[in-house]
Amino acid sequence: MTIAQKGMLSLVAFSVTVALTVDKLVPVTTFTMELQASLAVSAALFLISQRQHRRAFAREAAIDARAG
């Protein structure tokens, strides 16, 4: 459930960009900006999760090194 909620942030970014640009720009430009916003949020979430995973792995490795 948590992963799905985080994934919804990409949809939020897409929707906010739609709301801000739909009446100001041509449709192709609007869609391009929406897609870029969505991809940027998805990439940021991916990088954050990878960083957290690496930290957890390093912590476990340090604990194992002290124990063994």
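In region 2-51, Rg over Rh equals 1.07, where Rg is the alpha-carbon radius of gyration and Rh the Kirkwood radius from pairwise Cα distances.
Net charge in the neighbourhood of A44 (other residues with Cβ under 11 Å of its Cβ; Lys, Arg +1, Asp, Glu -1) is +2. Accessible surface of M8, taken over heavy atoms with a 1.4 Å probe and every protein chain present, rounds to 100 Å². Taking the C-alpha atoms only, the angle from helix 2-21 to the longest principal axis of the chain is near 30 degrees. Derived scalar couplings between HN and Hα for region 50-55 equal 5, 5, 5, 5, 4, 4 Hz in order, rounded to whole Hz, by the Karplus curve 6.51 cos²θ - 1.76 cosθ + 1.60 (θ = phi - 60°), x for Gly and Pro. Per residue, the chain exposes an accessible area of 82 Å² to a 1.4 Å probe, with every protein chain left in place. Working from label points 7 Å from Cα in the Cα-to-Cβ sense, the V16 to H53 distance is 2.6 nm. Across region 6-68, the mean sequence separation of Cα contacts (distance under 8 Å, 6 or more residues apart), normalised by length, yields a relative contact order of 36 percent.
Solvent-accessible surface (1.4 Å probe) assigned to L25 amounts to roughly 70 Å².
The values are calculated or read from the model by the stated rules, or taken from the named source; none is laboratory data. All of these numbers come straight from a predicted model, not from anything done at the bench. As a convention, Cβ positions derive from the backbone with ideal geometry for all residues, glycine included, and neighbour counts pool all protein chains shown. Areas reflect the complete protein model, heavy atoms only, side chains present, ligands, DNA and RNA absent. Shrake-Rupley method; radii C 1.70, N 1.55, O 1.52, S 1.80 Å.
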